[in-house]
Amino acid sequence: MTLKQLELFLAITDQRSFSRGAELVSLVQSTASQHIRSLEDELGSRLFDRSKKGVYLTEAGRLFEQHARRICAACDDVRLAMRRFAGAEEAIVRVGASTIPAACLIPDLLGPFVAAWPGVRLELVQGDTREVLRLLRDDAVELALAGGRYEAEQVVFEPIAGEQILLVARPGLLPDRLDDCTAVVQLPLILREPGSGTRQVVDAALLQSGVNLSELRVIAQLGSSEAVRRAVLSGAGCGFISSLAVEREVQDGSLVVVTIPDLEIRQLFYLVTRRGKTRSPAAEAFISLLRHQQLLKQEDGHSF
């Protein structure tokens, strides 16, 4: 039993004629007769009675008609859904994002994306870099934005944006400037968890500057930049936080930046995709707009 046979059966039923039904589905009458005969043989029942006035359904044919119409209607729905999918008219794009991209990059992109693709729904899954990369490998999300990079054959990392990581504290808690990097070990630090991209770049920068990480005075490890920001605002300690996450607080003076000579920590954000995997048109549209938005920012002087 094939879809073509079902479509032919319904065309003959509606037209009450083998010749007109065959014409509707672009078949010659002899071929149409063969298709119906083969279908009747498979079902073990005669579907049509023929007379000089036309073609009429048998009782078996009426029963079969109910199922055939449901199947063909469902196939029409599938065709329509795929056309909408191909045109990104009705689709879902699932994106995994680590803390800063989820809080700062994607919200800025959402307005232009919805305006350009009103039929697409964005579903965001947030976690640290390690978590969102696992989601990508497990096909739980179609693409990811991450603040760290791990070597893996099955995924592709594309630098998409950048920021500076600042050491910030409540005013009066610390001097505005440290003598050198080794003084960091004396500070009460509030850090992100080891799986985060921010923690990854901070640890690497401190190691490169000669700091022994085991000597750091870590009073808390928290699971998001927002949690670190709030803890630092409470006066519990100081923390390395994305400049994007504390821009307002630095401007209004509720947090101050502690300068460390010869230490500049920059973090790249990556667009991460599965190698060799075909992406949906909606995902391609999202990626295209993301690249365009970041290119505009670079042209305005906001470079990596």
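The values are calculated or read from the model by the stated rules, or taken from the named source; none is laboratory data. None of the values given here were measured: they were computed from a predicted structure. FYI the Cβ positions are ideal-geometry reconstructions off the backbone, even for glycines, and counts take in every protein chain you see.
Filtering 278, 273, 259 for residues that are at pLDDT 90 or above, β-branched (Val, Ile, Thr) and assigned by TED's automatic domain parsing to the domain that holds residue 147 leaves a single hit, 273. Which members of region 158-208 meet the condition of being surrounded by 13 or more Cβ atoms within 10 Å (Cβ to Cβ) and more than 36 Å from the chain's Cα centre (by Cα)? Selection gives 170, 173, 174, 178, 180, 181, 182, 183, 184, 185, 187, 188. With respect to residue 21, determine if the residue is on the phi > 0 side of the Ramachandran plot and either in contact (Cβ under 8 Å) with a residue 60 or more places away in the chain or over 41 Å from the mean Cα position of the chain (by Cα) (or both). When the stated conditions are applied, residue 21 does not pass them. Looking only at region 110-120, decide whether some residue is within 9 Å of the chain's Cα centre (by Cα), outside any helix (DSSP H, G or I) and not basic (Lys, Arg). Within region 110-120, not a single residue is within 9 Å of the chain's Cα centre (by Cα), outside any helix (DSSP H, G or I) and not basic (Lys, Arg). Restrict the check to region 88-100 and report whether at least one residue is surrounded by fewer than 17 Cβ atoms within 10 Å (Cβ to Cβ), within 20 Å of residue 158 (Cβ to Cβ), in contact (Cβ under 8 Å) with a residue 24 or more places away in the chain and not acidic (Asp, Glu). Within region 88-100 (the criterion being surrounded by fewer than 17 Cβ atoms within 10 Å (Cβ to Cβ), within 20 Å of residue 158 (Cβ to Cβ), in contact (Cβ under 8 Å) with a residue 24 or more places away in the chain and not acidic (Asp, Glu)), the answer is no, since none of the residues qualifies. Here residue 290 meets each of (1) modelled with pLDDT of 85 or more; (2) touching a Ser or Thr at 6+ places or on another chain (Cβ under 9 Å); (3) under 28 Å from residue 202 (Cβ atoms); (4) outside any strand (DSSP E or B) with one exception, condition (2). Against the conditions (1) surrounded by 14 or more Cβ atoms within 10 Å (Cβ to Cβ); (2) farther than 18 Å from residue 2 by Cβ, where does residue 40 fall short? Just the number, please. The single condition residue 40 does not satisfy is (2).
Scanning region 150-200 for residues being touching a residue at least 12 places away in the same chain (Cβ under 8 Å) and closer than 23 Å to residue 274 by Cα gives a total of 17. Pairing each residue of region 255-268 that is farther than 27 Å from residue 145 by Cα with any residue that is of a type in the set (Gly, Ala, Ser) and part of a loop (DSSP other than H, G, I, E, B), provided the two are 6+ apart or on different chains, yields C-beta distances under 8 Å for 262/209.
So for region 53-61 (the condition being touching a Lys or Arg at 6+ places or on another chain (Cβ under 6 Å) and not β-branched (Val, Ile, Thr)), does at least one residue qualify? Yes, that holds for at least one residue. Determine whether residue 239 is over 26 Å from the mean Cα position of the chain (by Cα) and loosely packed, with under 14 Cβ neighbours inside 10 Å. Judged against the criteria, residue 239 is not a match. Evaluation of residue 269 against the conditions (1) surrounded by fewer than 17 Cβ atoms within 10 Å (Cβ to Cβ); (2) outside any loop (DSSP other than H, G, I, E, B) shows that the sole unmet condition is (1).
Determine whether residue 49 is outside any strand (DSSP E or B) and among the acidic types (Asp, Glu). The answer is no for residue 49.
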